[in-house]
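Notes to accompany the following structure.
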Amino acid sequence: MATTMRSLWFDSHPLDIPAPAVPLPGSHYDVVVAGGGLTGLTTAVLLARAGKKVAVLEARSVGAVATGNTTAKVSLLQGTTLSGIAEHQSTEVLQAYVTANRDGQAWLAQYLDERDVGYQRRSAWTYATTAEGAAALEKEAAACHTAELPVTWQDTTELPYPVSGALSLDEQIQVHPLEVLGALAGELHERGGVIYEGVRLLDAKSGSPLSVHTTGGSLRTEQLVLATGVPVLDRGGYFARLTGHRSYALAFRMPAETGSAHAAPQGMYLSADAPGRSLRTAPVDGEEYLLVGGNGHMVGRANSPRGAVLDLEAWTRRHFPGAARTHSWSAQDYRAADHVPYIGALPRGGGNIYLATAFNKWGMTNGVAAALALSSEILGGQMAWADTLTRRSVTLNGVLSGVMDNLDIGARMGTDWASAELNALPDYPPSEGHGVVGRSGGKPVGESTVDGVTRRVSAVCPHLGGVLRWNDAECSWDCPLHASRFAADGTLLEGPAVSDLPVND
Ligand SMILES: Cc1cc2nc3c(=O)[nH]c(=O)nc-3n(C[C@H](O)[C@H](O)[C@H](O)COP(=O)(O)OP(=O)(O)OC[C@H]3O[C@@H](n4cnc5c(N)ncnc54)[C@H](O)[C@@H]3O)c2cc1C
Ligand code: FES
């Protein structure tokens, strides 16, 4: 399992992005977008439509991080998100959030219709299996009512286990995220935009134009959009206000004779209780798969991510006997203390750098909404809801929960340094798929064995010095501070860091 986690999406619809004919060094653009996920590509398309000369810089490959590994429900009923926002924010902000998501969903549906990309209309469900969960549902129902979202209370569902209550919302959408990205990349290409894959944004010097430094050379641009998940070039200190949450997804082939207890549910489901459970179907190449997600945790804070995957698989087999796992994968997204995304100009960015982050696992609507807001701002317009979200202040509750997360992070950092300093690396290399952090030359060093190769890398995160932990599901080094992740050989995978781990020979 360890090195082969790959999403159903990438397996069924790999993307082939044409390399730009224009060499990157020395080029000049109206807008450079860093990040080739849903947010970045939608922003780039909207700006290219308005006649802007646009380049997308993608550190890995299009869709490689969250968008290609999502569960891709495009829904306005979002688990218990609205009651989470209502707890921290005003009714005005809650309503602006729902309007933003409604606009994002409507834009995406129309886009897929226009580009002839398939999707399915499904009802969305948030369900509870405990009394506590049912109480959370009641709060969510109240928040939905405030936000004028017409949800219905249900006592039963099509799920093969009893519920203590559920909310449903009809006419929501589920997509294949790489088909969506493929359509956006195609339109961008038609309109003269370019995508540089394998090029990481490293720095931008203020000015007009901005001077942008990347792993592929330097270029200039009038405007820069950071659609990088968590923002890099973080002059606003966003990494400290966000928490990174990783979770797991599995795809299953269902048994041919689907009696009622075995049938894949046709709605899109999310549990209100912990541990989280997310279900939907995915029609791919004439076959219907059941997707099951859940067992999320803060990045770098689970003792055994592999255990989380196995547990999710066992849970699915228990409730859907005969289901056969075909794929397993994992991804992370970021949450603000008040559960509302940050979209707009980067503080101290000189007015020509923008960011979009903290979609809290609802970026299929929020990412498109962010693209609508940012492109409109760059073109001199404004979305009223974007103004409300940007101007919001964070309540005392929100501040306190951010502080608590940071205290927890600080405590963990201290403990890990201490234990890494105390224990020397073992004499023998770790067994296949395992990694260990220990002291070598007075510094924390990570040693792992993957596909028969034992490697040593610095176990100190190049972002702000967190001590990394081994992720035994994905064979990666994960940072418990602000969620950067690195491959076993030290290559940066994601997060706010912008450099690889030094190799320790
Ligand atoms: C397990 C899971 C399930 C989810 N399910 C749903 C769901 O059902 N519905 C929903 O609405 N949302 C869901 N989400 C959330 C949603 O997938 C994300 O919010 C959304 O995909 C974010 O898109 P993005 O374009 O902002 O980020 P990404 O897709 O992560 O794209 C950012 C890109 O920036 C690139 N990058 C990073 N740094 C640099 C740099 N320095 N230079 C250049 N490029 C860089 C990365 O390589 C990456 O490709 C889920 C998230 C997870 C983790
Ligand atoms: S991601 Fe900030 S210290 Fe590692």
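Quick look at the values:
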read-out: Estimated 222 nm signal from helices in the chain, with DSSP H stretches of n ≥ 4 weighted -39500 (n - 2.57), rounded to 500; value: -9500 deg cm²/dmol
read-out: Global geometry of the range 10-59, whether rounded, prolate or oblate, following the gyration tensor of its Cα atoms and the 1.5 cut on a/c; value: oblate
read-out: Directionally averaged shadow of the range 16-150, computed from the convex hull of its alpha-carbon atoms, nm²; value: 11.3
read-out: Spatially proximal lysines relative to residue 53 (Cα-Cα < 25 Å; intrachain offsets below 8 disregarded); value: 205
read-out: Convex hull of the chain built on C-alpha atoms - directionally averaged projected area, nm²; value: 23.1
read-out: Candidates per trypsin sites (Lys or Arg not before Pro) in the range 1-91, loop by DSSP, up to 14 other Cβ within 10 Å; value: 6
read-out: Rough spin-label spacing in nm, given labels placed 7 Å along Cα→Cβ, for residue 158 and residue 121; value: 1.5
read-out: Percent accessible area from carbon and sulfur atoms, the chain, protein chains only, probe 1.4 Å; value: 51
read-out: The chain: relative contact order in percent, alpha carbon pairs under 8 Å with at least 6 residues between; value: 18
read-out: Inter-centroid distance (Cα atoms) of the range 183-255 relative to the range 315-334, Å; value: 29
read-out: Value of relative contact order over the range 1-79, rounded to a whole percent, pairs C-alpha under 8 Å and six or more apart; value: 31
read-out: 10 Å Cβ shell holding at most 11 others, DSSP loop, GluC sites (Glu not before Pro): longest site-free stretch of the chain; value: 258-505
read-out: The chain, accessible area per residue, ligands and nucleic acids excluded (1.4 Å, Å²); value: 39
read-out: Pairwise centroid distance, computed over Cα atoms, of the range 9-53 with the range 455-480, Å; value: 30
read-out: Free-standing Cys, the chain [no other Cys Cβ under 4.7 Å]; value: 144, 475
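The values are calculated or read from the model by the stated rules, or taken from the named source; none is laboratory data. Treat the numbers as computed from the prediction; the structure is a model and nothing was measured. Neighbour counts are summed over all protein chains in view; Cβ atoms, including those assigned to glycine, are modelled from backbone coordinates with ideal geometry. SASA here: full protein model, heavy atoms, side chains in, ligands and nucleic acids out. Shrake-Rupley method; radii C 1.70, N 1.55, O 1.52, S 1.80 Å.
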